[in-house]
Amino acid sequence: HEERQVGFDLGDCGDDFLYDALNEDFIELNNGVLTATLPPLSSRLLLARADEKASLARSSGILLHPTSLPSPFGIGDMGPEAYEFVDWLKTAGQRLWQILPLNPPGYGESPYQSVSAFAGNIWLISPEKLVEDGWLTVDEIAAPPAFPVTKVDFPAMQAYKEELLRIAFRRFKAADAPEDYQRFCSDNSLWLDNYSLFMALKSHLGEGTWREWEEPLVRRDTAALAFYRDQLADDLEYHRFLQYSFFHQWRQLKQYANNNGIQIVGDLPIFISYDSSDVWANPGLFELDGEGRPTVVAGVPPDYFSTTGQLWGNPHYNWPVMAEDNYAWWRARFEQIFSLVDLVRIDHFRGFEASWQVPADETTAIHGKWVKGPGARFFAIVENNLGRLPLIAEDLGVITPPVERLRDMFNYPGMKVLQFMLEDGRATAEAFQFEENAVAYTGTHDNDTTMGWYETLRETRPKAAEQIAALVGMTSEDSPLETAWRFIGLAYGTDARLAIIPLQDILGLGSEARMNTPGTVGGNWDWRVAKAVLSRELSVRLADMVRSYGR
């Protein structure tokens, strides 16, 4: 007959929260102690997550963004060379193909500064596949310019492919739309309508940020939006066609990879560019002032890559507002990416526990502060709605016990990067006895290639380089390729269930093949592999190593 507050010490229950199954809510624990208020004649059914064994089999893969594939059209795409690369992976005994974000690249051609969290990169659309679909002719793609083989010339490539895409769209408009086109537009209307209008407006009004548009458009006045939807109807349809083509081609490629035993590992940046359709269409979900400008921006404090930190400039999320609808925007984002890939690496995973927030008027990331994120409740709600998320937590940099606890609570594997560990002076065999629930890398897209890194280390810290050489069994007779493969063997030999190697390291390439240098703009994201080097001999040798290490 009385309301009672009850408390239980759950000890090593293992979770920081319990799921209230009757009320569809979550109750957080305080140092393992559960406190709950029970009205008269009431009950609570509280569930704790059971320990789950990792479902990932011991295997290996290669990190290569599709833009780096061979292609006659200036940039890697979803055409025949992508299918040939899947065949090469299969011959090489690989079971994973890790890519970078598939979203449209933004400032500095970075896929991590996209104009949309949902749209696809139109430069990946294959002209040859458009010929197959009837939107281009063989003659129209027969004589592309003489593009560089090992680099992307972005302006030249974009000008050439834009012309082809416009031709394809005109032919598409003149024909009966495919049966699945309207269904695609309807199924993706949540983001596609805003994205198409955003891109049409950027083209019509100039390439400035959306905050520089006329005020009715900035505040998304209904009449102004309706006016431009009518005025720019053809451009809106063009962008819908491009997205339809991207998703159509990508899903065909993914299906081919899966049918050949290759899973795709995608990449999800935690933050979104300010100049994006997402922020323009959903300003309330971000930390903006009354004029639509960011109040705080994202980055990281001084670290391995920069003495002044990295000032990314992305707006921060308004997590309390997002929580009101159980993170609907994020759930839609996860649903989208898992329709495109099999596993997802969450870039900057630690931002869900706490993120570095810098006042928007700062010019470096030094004067920021750590601010708590949504934590376990976020992943609990998302998984409660979508099921188990096959995620890899990018847990590099400043990692604290709460971040590790959040990662381990959901059994997400973390990342082990050999370059970081070796450079930290951990060049002993014991240092590489990783836990099984981890992914071993020689380096990532943000690192120098292993050969470039090692050569720099030999010049700047020769004693450390000697110690590392002894650890991996390197000899003075080793070629650059053999040296790189010593490090690959070190990664393969760990207990980590997954080992993923950048293709540049498989090829033994130096710093000229680096994909990105954090904190710099220009000269990034443009590396491409020459078709001739992806030989059968190389794939067979890699397959032998896979068998040797039980991957």
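In this entry, the range 450-496 is assigned a mean projected area of 3.3 nm², taken as a quarter of its C-alpha convex hull surface.
Ranking Arg547, Arg426 by solvent-accessible area of protein heavy atoms (1.4 Å probe, all protein chains present), from largest to smallest, gives Arg547, Arg426. Solvent-accessible area of the range 161-280 (1.4 angstrom probe, protein heavy atoms only): carbon and sulfur portion equals 46 percent. The ratio of the alpha-carbon radius of gyration of the range 433-525 to the globular-protein estimate 2.2 N^0.38 Å is 1.10. As a length-normalised measure over Cα pairs under 8 Å and 6 or more apart, the relative contact order of the chain settles at 17 percent. P(r) tail for the range 78-229: Cα pairs beyond 21 Å make up 59% of the total.
Across all Cα atoms of the range 485-540, the radius of gyration (one decimal) and Dmax (whole number) stand at 13.7, 38 Å. Solvent exposure of the range 464-551 amounts to 42 Å² per residue of accessible area, where only protein heavy atoms count and the probe is 1.4 Å. Each Lys or Arg adds one and each Asp or Glu subtracts one; over the other residues with Cβ under 9 Å from the Cβ of Ile346, this totals -2. Taking every DSSP helix (H) stretch of at least 4 residues in the chain, weighting each as -39,500 (n - 2.57) and dividing the sum by the residue count yields a mean residue ellipticity at 222 nm of -11500 deg cm²/dmol. Treating only the Cα positions of the range 63-121 as identical point scatterers, give the base-10 log of I(q)/I(0) from the Debye formula at each q in 0.20 Å⁻¹. Taking Cα atoms of the range 63-121 as identical point scatterers yields -0.80.
Plainly put, the chain has a radius of gyration that is 0.98 times its Kirkwood radius, both from alpha-carbon atoms, as the Rg/Rh ratio. Here, the range 420-462 has an Rg and a Dmax of 11.8, 35 Å when only alpha carbons are counted. Residues in the range 137-146 carry Karplus couplings, in order, of 9, 4, 5, 5, 10, 6, 10, x, x, 7 Hz; the curve used is 6.51 cos²θ - 1.76 cosθ + 1.60 with θ = phi - 60°, and Gly or Pro positions show x. In the full protein context, the range 196-314 carries 40 Å² of accessible surface per residue, based on a 1.4 Å probe and ignoring ligands, DNA and RNA.
Hey, what's the Cα Rg ratio for the range 300-343 versus the globular rule of thumb, 2.2 N^0.38 Å?
1.67
Sorted largest first by accessible area at a 1.4 angstrom probe radius, with every protein chain in place, the residues Phe198, Phe420 fall in the order Phe420, Phe198. Only Cα pairs under 8 Å and 6+ residues apart enter the sum, and on that basis the relative contact order of the range 24-131 stands at 22 percent.
The Cβ shell under 13 Å around Ala281 holds other residues with a net charge of -1, Lys and Arg each +1, Asp and Glu each -1. When the GluC sites (Glu not before Pro) in the range 224-294 are filtered for DSSP coil states and for at most 12 other beta-carbon atoms within 10 Å of their beta-carbon, the remaining sites are Glu291.
Estimated at the nearest 10 Å², the accessible area of Met474 is 40 Å² with a 1.4 Å probe.
Pairwise Cα separations in the range 263-369 fall into 5 Å bins from 0 onward with the following percentages, short to long: 2, 12, 19, 22, 20, 13, 8, 3, 0. Put simply, the amide H of Gln113, placed in the peptide plane, has neighbours under 5 Å in Gly106, leaving out anything fewer than 5 places away on its chain. Relative contact order (percent) for the range 90-177, with alpha-carbon contacts under 8 angstrom and 6 or more residues of separation? So the answer I get is 19 percent.
For the range 264-326, the fraction of C-alpha pairs more than 15 angstrom apart is 58%. Between the range 392-421 and the range 306-334, the alpha-carbon centres lie 19 Å apart. Distant-in-sequence amide contacts of Gln98, defined by a placed amide H-H separation under 5 Å and a gap of 5 or more residues or a different chain, comprise Ile62, Leu63, Leu64, Val265.
Compactness check for the range 345-469: Cα Rg over 2.2 N^0.38 Å is 1.26.
Grab the other residues whose beta carbon is less than 15 angstrom from that of Ala226, score K and R as +1, D and E as -1, and report the net. Result for the local shell: -1. Largest first and in whole Å, the equivalent-ellipsoid semi-axes of the range 348-402 read 26, 12, 10, each the square root of five times a Cα gyration tensor eigenvalue. Beta bridges assigned by DSSP with both partners in the chain are antiparallel in approximately 50 percent of cases. For Lys151, nonlocal amide neighbours, meaning residues 5 or more places apart or on other chains whose placed amide H falls under 5 Å from its own, are Arg528. Computed with every protein chain present, the accessible area of Thr363 is close to 120 Å² [probe 1.4 Å].
A simple rule links phi to the HN-Hα coupling: the Karplus curve 6.51 cos²θ - 1.76 cosθ + 1.60 with θ = phi - 60°, which for the range 274-288 gives 4, 7, 9, 5, 5, 6, 4, 7, 9, x, x, 7, 10, 7, 10 Hz, with x for Gly and Pro.
The values are calculated or read from the model by the stated rules, or taken from the named source; none is laboratory data. Model, not experiment: these values are computed from the prediction. So basically every Cβ, Gly included, is an ideal-geometry build from the backbone, and we count neighbours across all protein chains shown. With ligands, DNA and RNA removed, areas are computed over all heavy atoms of the protein, side chains included. Shrake-Rupley method; radii C 1.70, N 1.55, O 1.52, S 1.80 Å.
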